[in-house]
Amino acid sequence: MTTILLARHGETDWNRDQRWQGHADRELTDLGRAQALALAERLDAFPIAAIYSSDLARARETARPVAERRGIETTERVDLREVDCGSWSGAHHADIDPDEVARWKAGEKGWSGGESYEEMAVRMVAAIRDVAARHPDEHVLVVSHGAAIRSVHAHAAGISIHEYRLLHPTVANGGLSAVALANGSLKDLGPL
């Protein structure tokens, strides 16, 4: 059984300011860097064989303290990115058209352009399966993004991303959870 530890990146200025990020490449704030250090300390309790992260700065910066403490290189992957929120990228939550928000809250794609949560989930689950195949029977850290992490948990729990989002509307910056891959099936291990 391979255990995938899923960590969300630390805080960015756009998290703090309640702006949609998607594929925008924002760096960590001072609080975000502190969250990354706290995550590294917390992960000392786990035997980590490899570290993967989204190629976006906020995920790379969050993985760095863990990698440095362990002397492990971080492998960056584009397929571990957040959902591409298209026209919402950079938009403040309060400034988005209410009809678009209503569609999003109903489980549809509210923004134009970008990708749907379902499209993101296909690439995320494929990436997690690939990472697990490269590290059989080991613990692996994957530093990614809130919606991306929820999509993996939804798949492992056997429910839609929309259903999972209703149950778990956010993943905290620096938050940690896990899934396991055994006999080809993903199992949701929940928050850690």
Unique residue being in contact (Cβ under 8 Å) with a residue 12 or more places away in the chain, small (Gly, Ala, Ser) and touching a Leu at 6+ places or on another chain (Cβ under 7 Å) when the list is Ala121, Ala147, Ala154, Ala127: Ala127
Take the conditions under 25 Å from Glu138 (Cα atoms), part of a loop (DSSP other than H, G, I, E, B) and not basic (Lys, Arg) and apply them to Ile72. Does it pass? yes
Just a yes or no: is a residue in segment 55-68 among the aliphatic types (A, V, I, L, M), more than 28 Å from Leu192 (Cα to Cα) and in contact (Cβ under 8 Å) with a residue 24 or more places away in the chain? no
Unique residue being modelled with pLDDT under 95, in a helix (DSSP H, G or I) and more than 19 Å from Met1 (Cβ to Cβ) when the list is Arg123, Arg165, Arg150: Arg165
What do you reckon, is Asp130 out of contact with any His (no Cβ under 9 Å at 6 or more places or on another chain), within 21 Å of Ser53 (Cα to Cα) and acidic (Asp, Glu)? yes
Consider segment 15-41. How many of its residues are among the basic types (Lys, Arg) and under 11 Å from Gly174 (Cβ atoms)? 1
Looking at Ala50, Ala94, Ala67, can you tell me which residue is under 23 Å from Pro191 (Cβ atoms), part of a helix (DSSP H, G or I) and either among the small types (Gly, Ala, Ser) or in contact with a His (Cβ under 6 Å, 6 or more places away or on another chain) (or both)? Ala67
Filter segment 114-159 for residues that are crowded, with 22+ Cβ neighbours inside 10 Å and of a type in the set (Ser, Thr, Tyr); which is farthest from Arg103 (Cα to Cα)? Ser144
Give me a count of the residues in segment 177-192 that are hydrophobic (A, V, I, L, M, F, W, C) and either out of contact with any strand residue (DSSP E or B) (no Cβ under 7 Å at 6 or more places or on another chain) or crowded, with 20+ Cβ neighbours inside 10 Å (or both). 5
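The values are calculated or read from the model by the stated rules, or taken from the named source; none is laboratory data. This structure is a prediction, so every number in the text was calculated from the model and none was measured. With ideal geometry, Cβ positions are generated from the backbone for all residues, glycine too; neighbour counts draw on all protein chains shown.
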